[in-house]
1. Determine which single condition A:D35 fails, assuming it passes every other condition in (1) more than 25 Å from the chain's Cα centre (by Cα); (2) at the interface with another protein chain (Cβ under 10 Å from one of its Cβ atoms); (3) surrounded by fewer than 24 Cβ atoms within 10 Å (Cβ to Cβ).
2. Could you tell me whether A:G359 is out of contact with any Leu (no Cβ under 9 Å at 6 or more places or on another chain) and either within 26 Å of A:E199 (Cα to Cα) or open to solvent by less than 50 Å² (accessible area, probe 1.4 Å) (or both)?
3. Here is a check on your reading of the model: is A:A63 within 13 Å of chain B (Cβ to nearest Cβ), open to solvent by less than 50 Å² (accessible area, probe 1.4 Å) and within 20 Å of A:T156 (Cα to Cα)?
4. Please work out if A:S58 is at pLDDT below 95, more than 22 Å from A:R169 (Cβ to Cβ) and at the interface with chain B (Cβ under 10 Å from one of its Cβ atoms).
5. Kindly provide the set of residues from the stretch A:126-144 that are part of a loop (DSSP other than H, G, I, E, B) and surrounded by fewer than 24 Cβ atoms within 10 Å (Cβ to Cβ), ordered by number.
6. Among the residues in the stretch B:23-31, are any under 25 Å from A:V54 (Cβ atoms) and either assigned to a strand (DSSP E or B) or within 14 Å of chain A (Cβ to nearest Cβ) (or both)?
7. Test B:T182 against the stated conditions and say whether it is in a loop (DSSP other than H, G, I, E, B), open to solvent by less than 20 Å² (accessible area, probe 1.4 Å) and more than 14 Å from chain A (Cβ to nearest Cβ).
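The values are calculated or read from the model by the stated rules, or taken from the named source; none is laboratory data. Please read these numbers as outputs of a predicted model, since none were measured by experiment. Reconstructed Cβ throughout: ideal geometry from the backbone, glycine too, with neighbour counts over all protein chains shown. Just the protein is used for accessible areas: all its heavy atoms, side chains included, with ligands, DNA and RNA removed. Shrake-Rupley method; radii C 1.70, N 1.55, O 1.52, S 1.80 Å.
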Number of protein chains: 2
Amino acid sequence: MPVLVMKFGGTSVANLDRIKRAAKRVGVEVAKGYDVIVIVSAMSGKTNELVGWVQEISPFYDAREYDAVVSSGENVTAGLMALTLQEMDIPARSWQGWQVPLITTSAHSAARIEDIPADNINAKFAEGMKVAVVAGFQGISPEGRITTLGRGGSDTTAVAFAAAFNAERCDIYTDVDGVYTTDPRVSPKARKLDKIAFEEMLELASLGAKVLQTRSVELAMRYNVKLRVLSSFEEPTDTAGTLVCDEELIMESKAVSGIAFSRDEAKMTLVTIEDRPGIAAAIFGPLADAGVNVDMIVQNVSETNYQGHAGGVTDMTFSCPVDQMKRAEKALNDAREAGLIKFDRLEADTDVAKVSVVGIGMRSHAGVAARMFKTLSDEGINIKVIATSEIKISVLIDRKYMELAVQALHDAFELEKSA
Amino acid sequence: MPVLVMKFGGTSVANLDRIKRAAKRVGVEVAKGYDVIVIVSAMSGKTNELVGWVQEISPFYDAREYDAVVSSGENVTAGLMALTLQEMDIPARSWQGWQVPLITTSAHSAARIEDIPADNINAKFAEGMKVAVVAGFQGISPEGRITTLGRGGSDTTAVAFAAAFNAERCDIYTDVDGVYTTDPRVSPKARKLDKIAFEEMLELASLGAKVLQTRSVELAMRYNVKLRVLSSFEEPTDTAGTLVCDEELIMESKAVSGIAFSRDEAKMTLVTIEDRPGIAAAIFGPLADAGVNVDMIVQNVSETNYQGHAGGVTDMTFSCPVDQMKRAEKALNDAREAGLIKFDRLEADTDVAKVSVVGIGMRSHAGVAARMFKTLSDEGINIKVIATSEIKISVLIDRKYMELAVQALHDAFELEKSA
């Protein structure tokens with residue numbers, strides 16, 4: 001039997017009625033002759049509640065216990081989904097991550113999938129089971145402890161299963177009907193894309209568009225998994241949603257495909273550090289060890305003998321997710337106490353946002369950066385940090401200008417029109 | 001190091017403040033030099049919510065999925081408790097049932113503990129861990145699926161750990177400060193008992209007193225585990241709570257120690273069945289197979305050739321927990337369809353309650369039954385079914401008279417006075 005993977009996000013399984021609605025959709029695919037693997041998230045709100053409790057107990061929590069706590073929401077949904085399918089006379093059972101077993105690294109709260117042995121579930125398919133319901137987001141470490149894959153990790157679970165079972169397609173059911181040129185809540189002119197290249201989706205996801213977890217797209221690209229994002233609240237058609245696919249299948253050739261943004265950024269500046277070879281490694285090594293995901297980095301022009309320092313000194317600015325800021329501060333202060341780095345003070349600015357323009361067409365269209373900077377300048381928006389890649393340009397700006405910037409850029413690149 | 005087992009029920013871990021309060025109490029025992037095994041229930045209300053969802057999906061749910069769903073609450077509390085202890089600088093970690101592994105039978109939702117290998121946790125104690133926090137109520141079957149031990153199963157988990165680790169004592173922290181002569185909410189004259197015999201506790205628990213799960217007391221009796229029930233809301237003293245112990249240690253010698261009651265009973269009557277050898281087995285076999293816990297059984301006097309039946313006919317009445325009634329009806333109707341039994345109709349009465357007087361002194365005091373029946377008769381309460389054992393007498397009555405019966409019996413046996 002061909003295998004189909006269907007993933008339902010938190011809002012698609014928010015209560016028993018929605019679980020039933022999702023189960024009916026699973027039933028449609030079973031009737032078509034698929035063996036279906038359903039990946040479920042926790043009911044919406046549940047994971048946030050659990051995360052909130054852990055953080056209230058301690059800002060420097062043991063990630064192994066965090067994982068044991070926050071993985072529980074998915075287990076509930078998996079069981080309820082299996083029961084709902086059984087009630088519809090569809091043979092189904094649930095699997096928790098450790099039961100599959102979905103084996104991961106020991107990097108708790110951000111574990112990577114190492115292996116998904118298919119025999120266990122395939123044996124049940126061979127016995128007549130039609131649907132395997134798997135709790136998303138979780139796995140088991142080599143030490144036998146529960147791990148989680150990071151927020152949105154259920155998408156990655158879904159794609160990994162699609163790859164492991166050589167599935168015909170991986171459908172991601174969510175609360176939006178596809179991928180948009182930008183968030184419609186910020187720009188009413190936002191337009192749904194029928195197709196988007198893996199690379200673009202990767203930039204959009206990692207830049208905070210949040211439709212799909214970054215790693216799920218990486219994984220889909222690596223294993224060439226057909227990935228479809230669609231709404232669980234609309235009747236599905238053959239053209240529903242957005243297909244995330246290889247760029248060769250994309251006919252549109254606009255310079256920019258979408259505008260991404262992220263509010264959850266913190267800008268941190270180490271004031272007056274030594275400007276010497278190895279200083280960047282001395283700073284970012286401890287941050288990496290502490291699990292801080294540093295994003296943009298800017299080093300100021302060096303000033304020799306500034307304020308009596310013997311060698312050259314400079315400032316170093318970087319950005320990271322706001323919820324890793326305390327961890328970053330601790331890591332840097334610890335490194336200073338251990339004598340590994342010197343700095344006068346550490347300034348943190350949480351009133352910033354990141355805005356990015358993304359498009360594979362950028363490679364062949366010149367002047368995208370110039371048009372972006374002029375657009376922001378015309379609106380009186382000051383750029384604090386700039387970072388670029390082959391298919392995206394990102395800027396850090398004052399958070400209060402974020403919506404304005406997104407709307408102005410959406411207009412400037414004429415994203416309301418299809419190519 | 002001597003090992004102490006401490007079990008915290010749902011109200012004792014209902015929120016983060018209460019978990020902290022419980023953790024402090026654990027810290028006191030750690031400071032005394034104990035290696036502590038903490039068994040936790042789900043936060044109060046959580047398990048009921050999960051059970052409600054499962055039952056809403058299907059009254060004839062798959063017990064394996066039920067177990068996977070309802071066991072999740074304990075996992076959350078175990079992780080939060082471990083984090084709270086760590087925050088107090090007490091080395092701790094959590095274990096879910098399958099991680100210990102706490103091996104049970106495959107009787108889902110009512111599994112029995114088969115084995116608790118101690119090496120895993122003992123190895124961590126040897127490494128300097130001071131507290132093992134274990135999710136109560138759950139285990140793993142030989143097939144690798146999650147099992148639960150039945151409602152209140154965390155008490156059984158606690159006693160089983162106390163036996164497996166040869167613990168010095170097993171303290172059950174709950175929302176009451178001990179075992180009472182009856183529920184103080186029903187009779188304001190109820191009095192706390194300092195000690196109670198295992199056998200009496202067994203009858204009180206199985207009859208619905210609900211302070212401890214029946215099997216936990218059986219297990220404590222079998223392995224001679226010192227069991228103490230005490231409140232997590234009062235400062236503990238050496239005489240706090242109630243010690244559940246061997247009857248040789250009980251000095252009191254009243255005929256009756258306590259009055260138990262249960263609202264959650266259903267009375268079922270099979271009307272006009274054949275009165276032949278083997279008929280009881282034909283009826284109660286299918287009920288046992290369906291997992292129905294039949295409690296009291298009464299068979300009416302036989303009437304020969306009643307309503308044209310060839311052989312003698314009779315009625316059979318039994319009681320079972322109200323939530324197993326549908327299951328019982330299904331099992332009996334299936335058995336009738338399969339031609340295994342014949343009956344005219346099945347009458348179910350859920351407006352009944354069970355009231356029992358319990359006491360090891362009953363063995364040496366005559367006239368307890370007579371006094372009980374007279375007391376109820378004086379109050380105008382009709383007895384529907386009677387059942388007796390060596391140390392208890394139970395009656396099924398109309399539910400509306402339950403409180404009245406309990407109060408009248410508490411007075412009649414002078415339970416407000418200590419012996």
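1. Result: A:D35 passes all but (2).
2. Answer is yes for this residue.
3. The answer is yes for A:A63.
4. Working: at pLDDT below 95: yes; more than 22 Å from A:R169 (Cβ to Cβ): yes; at the interface with chain B (Cβ under 10 Å from one of its Cβ atoms): yes.
Yes: the conditions hold for A:S58.
5. Within the stretch A:126-144, the subset part of a loop (DSSP other than H, G, I, E, B) is A:127-130, A:136-137, A:141-144.
Correct list: A:E127, A:G128, A:M129, A:K130, A:S141, A:P142, A:E143, A:G144.
6. The initial filter retains those residues of the stretch B:23-31 that are under 25 Å from A:V54 (Cβ atoms), namely B:23-30.
Then drop every residue that is not either assigned to a strand (DSSP E or B) or within 14 Å of chain A (Cβ to nearest Cβ) (or both), which leaves B:23-24.
Scanning the stretch B:23-31, I find at least one residue that is under 25 Å from A:V54 (Cβ atoms) and either assigned to a strand (DSSP E or B) or within 14 Å of chain A (Cβ to nearest Cβ) (or both), so the answer is yes.
7. Values: in a loop (DSSP other than H, G, I, E, B): yes; open to solvent by less than 20 Å² (accessible area, probe 1.4 Å): yes; more than 14 Å from chain A (Cβ to nearest Cβ): yes.
Taking the combined requirement at face value, the residue satisfies it.
Table: residues versus (1) among the small types (G, A, S); (2) open to solvent by less than 10 Å² (accessible area, probe 1.4 Å); (3) on the phi < 0 side of the Ramachandran plot.
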residue	(1), (2), (3)
B:R336	no, no, yes
B:D344	no, no, yes
B:D351	no, no, yes
B:K354	no, yes, yes
B:I383	no, no, yes
B:A387	yes, no, yes
B:R399	no, no, yes
B:Q407	no, no, yes
B:E416	no, no, yes
